[in-house]
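> One structure coming up, written as structure tokens, with questions to follow.
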Amino acid sequence: MYNENENLEHFKSVWQKALVAIKESVISELSFNTYIKTANPVYVSNNEIIFEVSNEFIKDIINKKFYDLIKNAVDLTEYRNYKLTFCLKDEMEKRMEAEGQQQEADDWETQSMLNPKYTFDKFVVGPSNDLAYAASVAVSQQPGKSYNPFFMYGGSGLGKTHLMQAIGHEILSKDPKSKVMYLNSEAFANEYINSLPDRTIDKFIRKYRSIDVLMIDDIQFLAGKERTQEAFFHTFNHLYNLNKQIIISSDKSPKDLNPLEERLRTRFEQGLIADIQKPDLEIRIAILRQKSANENLDLSDDIIYLLANNIQSNVRDLEGALTKLVALSTLTNSVITKEFTLDALKEFITTTKKVEINETTILDAISRYFDVDKKSLLSKKRTRDVAYPRQVAMYLCKQYTESSLSSIGRFFGGRDHTTVMHAIDKVRNDLESNLETKKAVSDILEDFNITT
Ligand code: ADP
Ligand code: MG
């Protein structure tokens with residue numbers, strides 16, 4: 001019976017917190033009470049949470065309008081990566097019945113463990129993730145052959161789960177019978193621990209050892225869990241010796257994963273290791289464009305830049321911001337203007353530094369960086385300790401603001417536009433040959449959240 005599910009109680013308490021977050025977000029009180037609050041969690045498995053809802057209409061509205069909002073709230077908890085399903089009571093009963101009848105077979109219902117959205121074609125590739133992407137594609141072409149194990153690491157929200165599941169989708173699309181197993185390391189640990197008292201360890205071992213592709217997400221959670229690491233080590237060796245593909249993700253490289261059994265570390269290092277870096281501006285823009293196109297949203301470039309410039313941490317936050325923006329504009333029937341966006345995304349935007357780039361802020365930054373007072377920078381002084389920072393400042397003004405040469409000249413002590421042009425050319429040349437200049441420019445731009 002589903003109401004005896006033991007994870008359910010735990011999820012219910014988490015759900016209460018998620019509800020608070022949802023309520024505080026963008027939803028109207030009426031919608032919240034009518035739709036969200038009436039959804040009742042009734043079943044929690046390794047990878048799915050089922051909510052019961054009272055009628056077809058509510059189910060429809062939730063799926064159409066509030067799914068992302070709910071999913072985002074749940075993703076902030078340890079139940080991220082769980083599929084959320086909203087069911088009517090009789091649908092639920094039918095499902096449980098069917099499930100009971102074919103438990104064994106269900107072990108390999110991998111498709112349901114994989115998020116259908118996480119495919120290669122939905123993954124935007126750029127300098128920060130191209131190696132991991134290329135390696136993932138290669139692994140999916142020839143599982144178990146060339147890159148085994150494949151170890152992928154990088155910070156949270158950068159696309160590890162997405163790439164990993166994309167490999168799973170790709171392998172299954174070529175060979176639907178392939179036994180692809182995706183789970184995060186916590187689920188692996190739980191399953192192992194739960195199998196101990198029941199003497200189902202045999203089944204545990206049998207199950208894992210008959211797999212073709214084993215994907216363990218977020219292996220860092222095994223750190224310190226010695227017995228589970230031991231179980232994993234044996235499973236790993238068994239599969240590895242049979243040339244089965246093993247794919248692992250982690251938030252740290254194998255050498256930084258502590259404490260991790262040395263022999264596991266050695267195993268991981270024998271295969272291919274790829275890291276994913278934070279997305280640069282270009283890829284953030286590309287991702288926003290892709291996501292808004294997928295949702296049939298027509299966001300102007302202004303809004304896309306505003307989001308991309310301000311939300312730099314990771315792709316998950318970028319998506320979260322977009323979802324929130326859209327939900328809020330739909331619910332309040334508002335046009336997405338710049339002001340609306342700034343207001344809607346207050347919490348995303350105020351947490352990052354936001355310095356507008358203009359002549360005055362560049363002057364401030366240059367004065368700070370080179371430790372020259374502003375008055376000198378704006379004066380006629382031409383000693384090198386002043387002239388060089390001033391030239392860099394002029395270059396930045398030309399490059400990153402709309403100011404004209406003559407306006408820049410006026411600002412910096414009344415110089416004519418040929419002087420400014422000369423300064424800019426000089427800095428451009430220096431950037432090619434002089435590391436000091438290069439570093440100065442990129443450090444100063446960092447103050448403006450511009451990455452070079
Ligand atoms: P991680 O597992 O590294 O914490 P996820 O794979 O869960 O990160 O990614 C977080 C979200 O960002 C997911 O919804 C994912 O689809 C999306 N995402 C991450 N990287 C990209 C990318 N390069 N292109 C498109 N979507 C991405
Ligand atoms: Mg992940």
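The values are calculated or read from the model by the stated rules, or taken from the named source; none is laboratory data. This one's a predicted model, so the numbers in the text were calculated from it and none came from an experiment. Cβ: placed from backbone, ideal geometry, glycine included. Neighbour counts: every protein chain shown. Just the protein is used for accessible areas: all its heavy atoms, side chains included, with ligands, DNA and RNA removed. Shrake-Rupley method; radii C 1.70, N 1.55, O 1.52, S 1.80 Å.
> Answer yes if at least one residue in the range 125-134 is open to solvent by 10 Å² or more (accessible area, probe 1.4 Å), within 14 Å of ligand 2 (Cβ to nearest atom) and modelled with pLDDT under 95, and no otherwise.
no
> Could you tell me how many of the residues in the range 273-292 are crowded, with 17+ Cβ neighbours inside 10 Å and touching a helix residue (DSSP H, G or I) at 6+ places or on another chain (Cβ under 8 Å)?
The qualifying residues number 11.
> Do you know which of the residues in the range 195-232 that are of a type outside the set (D, E, K, R) and touching an Asp or Glu at 6+ places or on another chain (Cβ under 7 Å) is modelled with the lowest pLDDT?
Checked the range 195-232; the qualifying residue modelled with the lowest pLDDT is Phe204.
> So Gly168 passes all but one of these: (1) within 16 Å of ligand 1 (Cβ to nearest atom); (2) without any contact (Cβ under 8 Å) to a residue 24 or more places away in the chain. Which condition number does it fail?
All conditions pass for Gly168, except number (2).
> Here is a follow-up. Just wondering, is there one or more residues in the range 56-73 that are open to solvent by less than 60 Å² (accessible area, probe 1.4 Å) and touching a Gly at 6+ places or on another chain (Cβ under 7 Å)? Walk me through how you get there before you give the answer.
At the first step, the residues of the range 56-73 found to be open to solvent by less than 60 Å² (accessible area, probe 1.4 Å) are 58-59, 61-62, 66-73.
Then keep just the ones that are touching a Gly at 6+ places or on another chain (Cβ under 7 Å); that gives 72.
Yes, the range 56-73 has at least one match.
> What are the pairs with Cβ atoms under 6 angstrom where one residue, in the range 245-267, is among the hydroxyl-bearing types (Ser, Thr, Tyr) and the other, located anywhere, is open to solvent by 20 Å² or more (accessible area, probe 1.4 Å) and assigned to a helix (DSSP H, G or I)? Sequence gap at least six, or different chains.
Filtered contacts from the range 245-267: Ser250/Gln220.
> How many residues does the range 175-199 hold that are of a type in the set (S, T, N, Q) and either touching a helix residue (DSSP H, G or I) at 6+ places or on another chain (Cβ under 8 Å) or open to solvent by less than 50 Å² (accessible area, probe 1.4 Å) (or both)?
Going through the range 175-199 one residue at a time, the tally reaches 4.
> Which one of these is of a type outside the set (Val, Ile, Thr), under 21 Å from Glu191 (Cβ atoms) and open to solvent by 50 Å² or more (accessible area, probe 1.4 Å): Phe232, Phe236, Phe204, Phe221?
Going through Phe232, Phe236, Phe204, Phe221 in turn, the sole match is Phe221.
> Do the conditions hold for Leu325, that is, is it closer than 15 Å to Ser25 by Cβ, hydrophobic (A, V, I, L, M, F, W, C) and without any contact (Cβ under 8 Å) to a residue 24 or more places away in the chain?
When the stated conditions are applied, Leu325 passes them.
> So, one more: Can you tell me which residue within the range 148-176, out of those that are more than 13 Å from the chain's Cα centre (by Cα) and of a type in the set (S, T, N, Q), is nearest to ligand 2 (Cβ to nearest atom)?
Ranking the qualifying residues of the range 148-176, first place goes to Gln165.
> Here is a further query. Is the range 253-260 home to any residue that is buried (at least 17 other Cβ atoms within 10 Å of the Cβ) and at pLDDT 85 or above?
Within the range 253-260 (the criterion being buried (at least 17 other Cβ atoms within 10 Å of the Cβ) and at pLDDT 85 or above), the answer is yes, since at least one residue qualifies.
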